[in-house]
Every structure is written in structure tokens, then in C-alpha cells.
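Single-structure report; data block below.
The values are calculated or read from the model by the stated rules, or taken from the named source; none is laboratory data. Please read these numbers as outputs of a predicted model, since none were measured by experiment. We place every Cβ from the backbone using ideal geometry, glycine too, and count neighbours over all the protein chains shown. Side chains are part of the model used for accessible areas, which takes the heavy atoms of the whole protein and leaves out ligands, DNA and RNA. Shrake-Rupley method; radii C 1.70, N 1.55, O 1.52, S 1.80 Å.
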Amino acid sequence: MKSAVKVTITGAAGNIGYALVFRIASGAMFGPDQPVILKLLEIPQSMSSVKGVGMELEDCAFPLLHDVVMTDNPAIGFRDTDYAILIGAKPRGKGMERKDLITENAKIFSVQGKAINDHASRDVKVLVVGNPANTNALIAASNAPDLDKRQFTAMTRLDHNRAIGQLANKTNSLVADIKRVTVWGNHSSTQFPHIDNCEIAGKPVYDLVSQDWAIDHFIPRVQRRGAEIIEARGLSSAASAADAIVDHMHDWALGTPDGDWVSMAIPSDGSYGIEEGLVYSYPVTCKDGSYEIVQGLELDEFSVSRLKATQQELLEERAIIADLLGG
Ligand code: NAX
């Protein structure tokens, strides 16, 4: 049997955490032959709640689950960890400006970046989910000078999956037949869901939908899907977010299928004219635990303007927390 991998989940007692930990323990993230040790990192006020999650994990008697650690100490939570999933964040409070939210959360992610730097496995793979996810990933990476910035990513896989769901619904196709969808930029309403390169069951997407539909209906719907869920459920996306976390880590660790790609927010290397260092969502392929940006895609004028608009928002977010970008 393989030795267990350690997976740290911050905010494990929250809505997304509760939808996620059982799936990791059941083997959905790393496969049916890969044991896991879960490290649930919470804040002191949520320790009682996370202990309940730990009890339920025990009651599931998952064969792949070799241990569960519950702690409010980042040094313990991140010690030797192979995968760090940073979900825990402050929600937007009453009267709080977007700027305040960014500043408040920036403090959390600079502390956690330092703790990952000091305690995690040197090969740790980090996924930031807590919002503003791209900028939080930038802060965490900047506070981990001993690690490669490429080890820090943020989640746009939920947006990617939402885009595929919308296309499947509109064209009455199978999800498995939809390839090469991209979400560019920030995990926010400026993101650019892009289908010019998409194929459905081997046919160019524009044989099945019009470009006007993409611009007038598809793009805004994917951009605002989070708000649509909140309106319907009275709560933000949790199960679908957990599912996207499983997909992101699964593909990063085990690879993407030939002929397709996924969307991941990663430190930009300047590809497609995006400022180097910004954590920006790109089309990527993954192999042997590493990712590469898909190069050479043609972008029309409209697409270039959308890529720039979402970059602009990220530049503005970065300006707000510039003093927290250590290292
Ligand atoms: P909840 O409020 O249900 O849970 C958050 C949990 O984090 C709580 O249990 C809290 O105690 C814990 N926490 C807070 N600060 C912490 C810290 N410093 N260390 C460890 N734990 C801490 O929120 P939930 O619905 O689970 O959402 C969590 C985050 O995910 C939010 O920031 C949300 O905006 C973000 N999302 C990001 C998505 C993405 O695609 N990138 C989609 C879903 C979601 O909206």
C-alpha cells in the first residue's frame, strides 16, 4: 500500500469544508489506492464544530483515512503537509467595503503563507479557495520565500465547471463531450469564460451555439452564477465548490486527459500579455504533478479586452494589499 499523503484543510468546519472532507477521505481526490491523513485547521471559536466533523469522519470508517488531526495552530496544521487547501476566510460583514474584506483576509493569508513556508513539505501544493482567492494566493506565495511561487494556485475550477454545465444544458450534450473551455483571470464577476476553442463531440462549438448567445447570455450567466445560487438557496455554493476543489487537486496531482485542458489560477509568467506574478486563471494541462499554460491560442479583439479588464481588477486588488507582499 502507498504511504498516506497529508492534506490540510483550513475552514474545515465551514460549509465548503463539510462538503469536502468526506470526499477526500473516500478517495475521490487522489484515487482509490491512495491513503490520506486529514489535518483540519480551524480558528478557536470553531474547534468544537470541527471536532464534530472529526467524529463523523471516524463514524464513516473510511478505509483510506489513516488519521485526522484537528487544530487551531497553523504550525501543527501545516506540518509536513503535501496538499494545503485554504478555504477558511472572513465573510463580508455588514457595512464592510470590498477593500476592508481584502485587507482583513490578507492578514489571514500572510500568516498562513508563512506557516506553510516554515512547516509544510517542500513539495507542497497549495490551493486557495477563500475569497478574494487570486489575491489571497498571491499574498500566501509572497510570504513563503523558500517555496516556488508556482506551488500556490487559486480556484477557478468552479467557474470552469459552471461554464461546461451551461454549455451541456444549452446544446443538450454530454459533459464528457465538451472540451477546451477556458476561464481567464480573476475568480470574480470580471472573469472571462471563453469558448472560441471549445469543441463539443468533435464539432466546433459555434456549429451549435452562436457567438451572440455566448456574449449576451453564456458569459454573464457564468460570471454571476454564484449570486444566482445564493438567491435560490439562501446560501453560497458549497457542494459544487467542494467538487471543484476535488477536481483541481485531482488533476494537478494526477494529470489532465489528452486533448483537453482545465482552468487554474496560477502565478502568471507573462503569457498572453498578463503581468508576470499576478495570480491569473489560464488554460493549463497537468502532468506528473506539474502544470503548463496552454500556449498559442488565438484571441480576437473582444477576448483581449476581456483579458485586460480582469487583469485590471487584479492589479487594483494587489495595490490594496501591497504592503503585505513580503519576501
Ligand atoms: P463558511 O463561513 O461556512 O466557513 C468558513 C470557515 O472558515 C469557518 O468554519 C471559519 O471558522 C473558518 N475560518 C475563518 N478564518 C479562519 C482561519 N484564519 N483559519 C482557519 N479557519 C478559518 O464559508 P464557506 O461557505 O465554506 O466559504 C469559504 C470561502 O470560500 C469564502 O471566502 C467564500 O467566498 C469562498 N468561495 C470561493 C469559491 C471559489 O470558487 N474560489 C467558491 C465558493 C466560495 O464562495
So, in the stretch 87-126, how many residues would count as being under 20 Å from Tyr18 (Cα atoms), among the hydrophobic types (A, V, I, L, M, F, W, C) and without any contact (Cβ under 8 Å) to a residue 24 or more places away in the chain? 0
Any residue in the stretch 76-89 that is part of a loop (DSSP other than H, G, I, E, B), aromatic (Phe, Trp, Tyr) and either modelled with pLDDT under 95 or under 28 Å from Thr135 (Cα atoms) (or both)? no
Considering only the stretch 6-17, I want to know if a residue exists there that is within 9 Å of the ligand (Cβ to nearest atom), open to solvent by 20 Å² or more (accessible area, probe 1.4 Å), within 21 Å of Val126 (Cβ to Cβ) and part of a loop (DSSP other than H, G, I, E, B). yes
Which condition does Lys308 not pass, out of (1) open to solvent by 20 Å² or more (accessible area, probe 1.4 Å); (2) within 14 Å of the ligand (Cβ to nearest atom), if it passes all the others? (2)
Inspect all residues belonging to the stretch 172-188 and state whether any of them is within 16 Å of the ligand (Cβ to nearest atom) and open to solvent by 40 Å² or more (accessible area, probe 1.4 Å). yes
So, of the residues in the stretch 71-86 that are touching a residue at least 60 places away in the same chain (Cβ under 8 Å) and open to solvent by less than 20 Å² (accessible area, probe 1.4 Å), which turns out to be farthest from the ligand (Cβ to nearest atom)? Thr81
For Ala319, state whether it is among the small types (Gly, Ala, Ser) and part of a helix (DSSP H, G or I). yes
Confirm whether Ala242 is assigned to a helix (DSSP H, G or I), free of Cβ contacts under 8 Å to residues at least 24 places away in the same chain and outside the structural domain of Arg23 (by TED's automatic domain parsing). no
Return the residues of the stretch 250-305 that are touching a Ser or Thr at 6+ places or on another chain (Cβ under 8 Å), closer than 15 Å to Asn134 by Cβ and part of a strand (DSSP E or B); say none if nothing qualifies. Ser263, Met264, Ala265, Ile266, Val279, Tyr280, Ser281, Tyr282, Val284
What tally of residues in the stretch 114-138 results from selecting those that are within 13 Å of the ligand (Cβ to nearest atom), within 17 Å of Ala265 (Cα to Cα) and in contact with a helix residue (DSSP H, G or I) (Cβ under 8 Å, 6 or more places away or on another chain)? 10
All-but-one check, Asp118 against (1) open to solvent by less than 60 Å² (accessible area, probe 1.4 Å); (2) assigned by TED's automatic domain parsing to the domain that holds Ala19; (3) over 22 Å from the mean Cα position of the chain (by Cα), failing number (1)
Taking the stretch 252-293, which residues are without any contact (Cβ under 8 Å) to a residue 40 or more places away in the chain, within 15 Å of His160 (Cα to Cα) and open to solvent by less than 50 Å² (accessible area, probe 1.4 Å)? Thr256, Val284
Here are the criteria: (1) farther than 13 Å from Thr156 by Cβ; (2) within 15 Å of the chain's Cα centre (by Cα); (3) of a type in the set (S, T, N, Q). Tell me which single one Ser281 does not satisfy. (1)
Qualifying residues in the stretch 28-52 (those that are charged (D, E, K, R) and within 16 Å of the ligand (Cβ to nearest atom)) - the one farthest from the chain's Cα centre (by Cα): Lys51
Mind checking whether some residue in the stretch 27-41 is under 15 Å from Met249 (Cα atoms), in a helix (DSSP H, G or I) and not hydrophobic (A, V, I, L, M, F, W, C)? no
Take the residues in the stretch 206-236 that are within 16 Å of the chain's Cα centre (by Cα) and at pLDDT below 95, then tell me which one is least open to solvent (accessible area, probe 1.4 Å). Gly226
Would you please name the residue that is farthest from the chain's Cα centre (by Cα), looking only at residues in the stretch 147-171 that are of a type in the set (A, V, I, L, M), within 16 Å of the ligand (Cβ to nearest atom) and farther than 19 Å from Trp213 by Cα? Leu158
